1. Looking at residue 291, is it under 23 Å from the mean Cα position of the chain (by Cα), in contact (Cβ under 8 Å) with a residue 12 or more places away in the chain and closer than 25 Å to residue 123 by Cα?
2. Just checking, does the range 141-151 include any residue being in contact (Cβ under 8 Å) with a residue 12 or more places away in the chain, within 16 Å of the ligand (Cβ to nearest atom) and among the aromatic types (Phe, Trp, Tyr)?
3. Could you figure out which of (1) within 11 Å of the ligand (Cβ to nearest atom); (2) closer than 23 Å to residue 315 by Cβ; (3) buried (at least 24 other Cβ atoms within 10 Å of the Cβ) isn't true of residue 155?
4. Considering 295, 335, 326, which residue is assigned by TED's automatic domain parsing to the domain that holds residue 49, of a type in the set (D, E, K, R) and not in a helix (DSSP H, G or I)?
5. Quick one: how many residues across the range 289-328 are away from the ligand (no atom under 16 Å from the Cβ) and within 26 Å of residue 83 (Cβ to Cβ)?
6. Is it true that residue 216 is outside any strand (DSSP E or B) and among the hydroxyl-bearing types (Ser, Thr, Tyr)?
7. I'm trying to understand the selection: among the residues of the range 46-81, which are within 21 Å of residue 271 (Cα to Cα) and out of contact with any strand residue (DSSP E or B) (no Cβ under 6 Å at 6 or more places or on another chain)?
8. Using the structure shown, decide if residue 126 is more than 30 Å from residue 5 (Cβ to Cβ) and of a type in the set (S, T, N, Q).
Amino acid sequence: MTNKLEILFLSDKQVNELAANNMSEVMHDMERVLSLFDSGDAMCPDKAVMPWGKTIEDENTLGRLNAMPGYIGGEYDMAGIKWIGSSPQNYKIGLPRATVLVILNDPITKIPVAISDGTTVSAKRTGAVGGIAVKYLSVKNATTMTIFGAGAQSRTQLEAALLARPSIKTVYINDVMFERAETFANEMSEKYGVAVTAVKEPGEYCKKSDIIITVTIASEPIVHADWIKKGALMMNMADYEFTDDCVRLADKIVVDNWKNIKHRKISTVALMYDRGLITDGDITAQIGEIINGKKPGRENNNETIYFNAVGMGIEDIAVVTRAYRKALEQGVGTKVPYWE
Ligand SMILES: NC(=O)c1ccc[n+]([C@@H]2O[C@H](COP(=O)([O-])OP(=O)(O)OC[C@H]3O[C@@H](n4cnc5c(N)ncnc54)[C@H](O)[C@@H]3O)[C@@H](O)[C@H]2O)c1
């Protein structure tokens, strides 16, 4: 019997250089994870959510800790957990809202084999899931996009959307803290060479947009149905950000994991389901079914499509698993004694 065990510790720099920085690779991971999840080669229990305060408004001010365990099969074949803290006031002391730790567990012995930072991993994989939605659900010649929320997630949403649709040339960004939108516009237009404009009144810009992405910490809807043009893709990547009428406009409603969305009960479609305004039958597909060819994605330029992703721990586990295997090959990381 082995009585000495070590855990590999990966810092932010190490995990990012090994796996998270390359968005094309993370998008490949997400396409595989969503496909494997649809094939049943994954386990993804509902998130355990520990919110501070009593209401969504409290949670969006005071924060929460979420535990997201899972197992992802296929070439990943790894179990583990994402442990994510969110504290929206962190920006006041120069820290990100979300900070993440990922633990990998061997799927046979269940023993922990790695502990890694997952902060950038989380932002990159959320952007990458958005990019996969853009790939399968937006019009092929998409040129114009509006993003709400100029925080960590908006940057990776843009990065992945531009990889999925290089035809995007015009981007509008809105944030309640306008200076954040301006910073985003300056940084991103320089980085990607596309026209990025900060806008205070987003309605008229949404009306021109092929893709509308929300990644805010708003707890009341900020996108309205009369702003949505026919053929648009609406992407609700956080909470209650689109009105119910936006969902009613959609010819197709596509999600990442409908069971987890209903359990989390925080996004527009989840709240509509909770109030009896939509049923299970109104969900057109989980995106893995589209990736696996069981259901069609976008079928023509006139379809208006609604996408909502709650996010799954298996997405983070997949990226960190790729980093962990490379780290072992390259001798990167710090081996920490576990059982001495
Ligand atoms: N679906 C997923 O898998 C997934 C993964 C990670 C994060 N998220 C969600 O994405 C959201 C954003 O995360 P982040 O890390 O970028 O946070 P962040 O704090 O870095 O950025 C959020 C931004 O939203 C802005 N904002 C708040 N209310 C707004 C409003 N009414 N209109 C416009 N902008 C508004 C804030 O000013 C801030 O700039 C969070 O709600 C988070 O839970 C989802």
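1. For residue 291, the condition - under 23 Å from the mean Cα position of the chain (by Cα), in contact (Cβ under 8 Å) with a residue 12 or more places away in the chain and closer than 25 Å to residue 123 by Cα - is met.
2. There is at least one residue in the range 141-151 that is in contact (Cβ under 8 Å) with a residue 12 or more places away in the chain, within 16 Å of the ligand (Cβ to nearest atom) and among the aromatic types (Phe, Trp, Tyr).
3. With (1) within 11 Å of the ligand (Cβ to nearest atom); (2) closer than 23 Å to residue 315 by Cβ; (3) buried (at least 24 other Cβ atoms within 10 Å of the Cβ) applied to residue 155, the lone miss is (3).
4. That would be 335, the only listed residue that is assigned by TED's automatic domain parsing to the domain that holds residue 49, of a type in the set (D, E, K, R) and not in a helix (DSSP H, G or I).
5. Qualifying residue count for the region: 8.
6. Judged against the criteria, residue 216 is a match.
7. Hits for the range 46-81 are 46, 52, 53, 54, 55, 56, 57, 58, 60, 61.
8. On the way: more than 30 Å from residue 5 (Cβ to Cβ): yes; of a type in the set (S, T, N, Q): yes.
Here the answer is yes, as residue 126 does meet what is asked.
The values are calculated or read from the model by the stated rules, or taken from the named source; none is laboratory data. Bear in mind that the values here come from a model prediction, so they are computed numbers and not experimental data. Note that we place each Cβ from the backbone using ideal geometry, even for glycine, and neighbour counts take in every protein chain shown.
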